[in-house]
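Working notes, structure below.
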Amino acid sequence: MENNKPKIRFKDYKETWEQRKLGEVAKFSKGRGYSKNDLTEEGTPIILYGSLYTNYQTVINDVSTFTVDKDNSVYSLGNEVVVPSSGESAEDIARASAIINKGIILGGDLNIIHSNNNINPIFLALLISNGERKIELAKKAQGKSVVHLYNTDLEELNLIYPNREEQTRISDFFNSIDHLITLHQRKLELLKEYKKTMLRKMFPKDGENVPEIRFDGFSDDWEQCKLGEVGETFNGLSGKTKEDFGKGDAEFVTYLNVFNNSLSNINLTENVEVDIKQHEVKFGDIFFTTSSETPEEVGMSSIWLDNRPNVYLNSFCFGLRPTLNIDPYYVAYMLRSSGIRRQFILLAQGISRYNISKIKAMEIKILLPKLDEQREIGSFFINLDNLITLHQRKLDSLEKQKKYFLKMMFV
């Protein structure tokens with residue numbers, strides 16, 4: 001940074017940015033605290049510390065769904081900036097949000113900043129929440145199990161800012177990025193919900209032999225069989241010590257790779273020494289996790305779609321190598337459908353950690369349509385997952401761009 005000017009700037013702006021203490025350009029007040037008994041289903045919208053803490057946004061237009069009616073409430077007049085006054089860590093509370101709407105109740109544990117007409121509140125929220133101001137504010141937070149910030153801390157915060165017009169241009173720029181981020185987040189959430197719905201409706205319900213939603217041209221009942229009838233099981237790595245891992249010319253598929261992916265990420269492996277006594281995984285192998293912290297996460301499945309040599313399965317999973325001619329993509333999504341997952345959950349045993357028996361898992365009943373229909377279903381979900389991935393990448397790119405510009409457009 002040179003001469004109080006940012007590295008990236010809108011054209012036509014040349015002036016040096018001004019430097020002031022926040023206390024020189026703003027006044028301060030506090031929100032009012034409320035108990036759970038004060039919160040009702042109807043009344044005036046309220047911003048509570050909890051919603052600010054968990055759902056941080058540069059600008060809060062969608063406030064908490066909690067409401068309250070109190071004669072002595074503190075209401076926003078529009079264009080305030082709020083900063084949490086307490087939290088679990090300095091990093092958590094060194095942040096600010098601009099309140100654009102009038103008439104919103106401002107809850108307790110909030111420091112309220114009323115800036116003068118020379119300061120755009122959105123710009124101020126961005127300025128406080130990023131870069132040197134955030135670091136400076138975090139240093140002022142005091143406490144151990146709970147840290148605190150006071151208005152007196154905010155008064156001493158060093159600001160460097162341009163004229164109001166340039167502030168507004170910068171604020172509008174970041175608002176547009178936030179708008180795009182929100183759009184992609186909503187699209188992503190809708191796609192994920194749609195996938196959950198299709199996983200329920202495109203596989204038969206308990207006691208039924210056909211699904212609720214089906215592709216045209218298919219009318220035969222699906223055939224029931226036990227999971228163990230699909231193929232033969234094999235174990236993950238055995239007889240290994242810590243010294244065997246992190247080196248060597250062989251690889252193993254990690255537990256998290258199996259847990260997180262219907263289709264295993266073939267690049268998400270770790271190194272281990274070559275050992276001919278271990279079972280090498282092959283294209284189409286099905287993996288299952290054997291333990292987890294909750295019953296809902298036991299027996300998560302994943303399909304391996306690669307054939308390179310010297311790849312093993314981690315020791316906290318077991319494998320199933322199909323002997324039937326089945327579509328691996330169909331199997332990947334069928335095993336993650338709600339009906340199959342319920343059967344796995346019922347088999348979970350344990351208290352602090354839950355386990356599943358390989359023998360019992362192989363008794364789970366599944367339904368298989370004809371191979372052509374399997375392929376149609378598998379292709380549908382692959383295309384849906386590709387669309388979800390595309391939107392996730394767009395969202396990640398936008399968030400990366402925002403982070404970059406936040407670094408480059410402020411002094």
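Just so you know, all these numbers are worked out from the coordinates, no wet-lab data involved. Computed from a predicted model, the values in this text were never measured in an experiment. Glycine gets a Cβ as well: all are built from the backbone with ideal geometry, and neighbour counts include every protein chain shown.
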Fill in: Amide hydrogen neighbours beyond the local backbone of LEU157, cut-off 5 Å, H modeled
LEU22, GLY23
Item to complete: Please report, in cubic angstrom per residue, the volume enclosed by the convex hull of the alpha-carbon atoms of the range 223-368.
Response: 106 Å³
Item to complete: State the Cα centre-to-centre distance between the range 65-129 and the range 210-224 in whole Å.
Response: 55 Å
Worksheet entry | lysines with Cα under 28 Å of LYS365, excluding same-chain neighbours fewer than 8 positions away | LYS192, LYS195, LYS196, LYS201, LYS205, LYS226, LYS282
Fill in: Max mean-square fluctuation residue, GNM over the chain, Cα-Cα springs under 10 Å, options GLY231, GLY239, GLY131
GLY239
Worksheet item: Using θ = phi - 60° and the Karplus form 6.51 cos²θ - 1.76 cosθ + 1.60, what ³J(HN,Hα) does each residue of the range 331-339 get, whole Hz, x for Gly and Pro?
Response: 4, 4, 8, 4, 6, 9, 6, 4, x
Worksheet entry | Ranking of GLU80, GLU373 by count of other Cβ atoms within 10 Å, fewest first | GLU373, GLU80
Discussion item. Rounding to the nearest 10 and keeping the result within 0 to 90°, find how far the Cα-based axis of helix 164-201 lies from the longest principal axis of the chain.
Written reply: 20 degrees
Worksheet entry | Summed side-chain charge close to ASP249 - residues other than ASP249 whose Cβ falls under 14 Å, Lys, Arg +1, Asp, Glu -1 | -4
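Suppose we take every Cα in the range 296-365 and form the convex hull; what volume per residue is that in Å³? Intermediate results must be reported in sequence, preceding the final value.
Working: hull volume 7.6 nm³, N = 70.
Hull volume normalised by residue count: 109 Å³.
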Item to complete: May I ask for the net charge around GLY143, where only other residues with Cβ less than 14 Å from the Cβ of GLY143 are counted and Lys, Arg are +1 while Asp, Glu are -1?
Response: -2
Worksheet item: Using a Gaussian network for the chain with springs between C-alpha atoms less than 10 Å apart, which of these wobbles most: HIS184, HIS391, HIS148?
Response: HIS148
Item to complete: Return the Cα extents of the range 256-327 along principal axes one, two and three, sorted largest first, each rounded to a whole Å.
Response: 34, 32, 22
Response to the item:
The alpha-carbon center of the range 234-272 and that of the range 17-39 are separated, in whole Å, by 51 Å
Response to the item:
Computed over the chain, the relative contact order (Cα-Cα under 8 Å, seq sep at least six) in percent reads 16 percent
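To the nearest µm²/s, what D does Stokes-Einstein give for the chain at 25 °C and 0.890 mPa s, using the Kirkwood radius over alpha carbon pairs as Rh? Write down the numbers at each step before the final one.
Working: Rh = 25.6 Å.
For the chosen part, D equals 96 µm²/s.
Under 11 Å from the Cβ of PHE10, count the other residues' Cβ atoms, weight Lys and Arg +1, Asp and Glu -1, and hand me the total. Could the numbers behind the result be given before it?
Numbers: positive: ARG9, LYS11, LYS14, ARG169; negative: ASP12, GLU165, GLU166, ASP172.
Every neighbour counted, the sum reads 0.
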Item to complete: Positive end of the charge dipole of the chain (Lys, Arg +1 and Asp, Glu -1 on Cβ, about the Cα centre): tell me which of TYR194, VAL81, SER176 has its Cα farthest that way.
Response: VAL81
Practice prompt. Would you please put 82-89, 107-114 in order of how densely packed they are, using the mean number of other Cβ atoms within 10 angstrom per residue and starting with the highest?
Written response: 107-114, 82-89
